[in-house]
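Undergrad: Once you've had a glance at the structure underneath, I'll fire off some questions.
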Amino acid sequence: MAITFQKPSADKAVLETGAAFTPRFDANGLVTAVVTDARDGELLMVAHMNAEALALTLQTGIAHYWSRSRDALWKKGETSGNLQTVVELRTDCDQDAVWLKVAVAGHDATCHTGRRSCFYRTAKLEDGRPTLAVTGGDPQFDPAAVYGGTPR
């Protein structure tokens, strides 16, 4: 069964409190997807979904996204084996972003660098210059072995 999303209501009260899931896709046809681990709440990644990715996610229970860099649909973990099973999918008040709580299979790693989270670096000022320090742990798998090089 194909899912078709209805146009969001212009009535703010209906949009914010109604039962209809009517995502507000941006000018590029995307909604922001915030992804956390269902087990411990750690922020794993931020991605984007088009209507097809969102529909597939709802239908299959496996997270699908739209890769802006590859301009293609992307089933997260299809290559690495680190599939994201959706435990819960929420939307924000005005339905222009979604929050996926997921269980990650395989190496329990989400980032294409092999790390658990894409947010593995901390930004700070050092001698007046912005720098990054790795604070999010070591890679859980070798990206070159899994992807044959570093994917975009």
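Undergrad: Answer with yes or no whether Ala33 is of a type in the set (A, V, I, L, M) and not in a strand (DSSP E or B).
TA: On the way: of a type in the set (A, V, I, L, M): yes; not in a strand (DSSP E or B): no.
So Ala33 does not fit the description; no.
Residue-wise test of (1) in contact with a His (Cβ under 7 Å, 6 or more places away or on another chain); (2) crowded, with 17+ Cβ neighbours inside 10 Å; (3) free of Cβ contacts under 8 Å to residues at least 24 places away in the same chain.
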{"position": "Thr60", "(1), (2), (3)": "no, no, yes"}
{"position": "Ala63", "(1), (2), (3)": "no, yes, no"}
{"position": "Arg90", "(1), (2), (3)": "no, no, yes"}
{"position": "Ala97", "(1), (2), (3)": "no, yes, no"}
{"position": "Ala109", "(1), (2), (3)": "no, yes, no"}
{"position": "Ser117", "(1), (2), (3)": "no, yes, no"}
{"position": "Thr122", "(1), (2), (3)": "no, no, yes"}
{"position": "Leu132", "(1), (2), (3)": "no, no, yes"}
{"position": "Phe141", "(1), (2), (3)": "yes, yes, no"}
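Undergrad: Consider Gln95 against the criteria (1) more than 28 Å from Lys7 (Cβ to Cβ); (2) at pLDDT 95 or above: it satisfies all of them except one. Which criterion is unmet?
TA: If we test Gln95 against (1) more than 28 Å from Lys7 (Cβ to Cβ); (2) at pLDDT 95 or above, just (1) comes out false.
Undergrad: Which one of these is part of a loop (DSSP other than H, G, I, E, B) and surrounded by fewer than 12 Cβ atoms within 10 Å (Cβ to Cβ): Ser69, Ser80?
TA: Numbers: Ser80 fails: surrounded by fewer than 12 Cβ atoms within 10 Å (Cβ to Cβ).
After applying the criteria, what remains is Ser69.
The values are calculated or read from the model by the stated rules, or taken from the named source; none is laboratory data. For clarity, every value in this text was computed on a predicted model and none was experimentally measured. We place every Cβ from the backbone using ideal geometry, glycine too, and count neighbours over all the protein chains shown.
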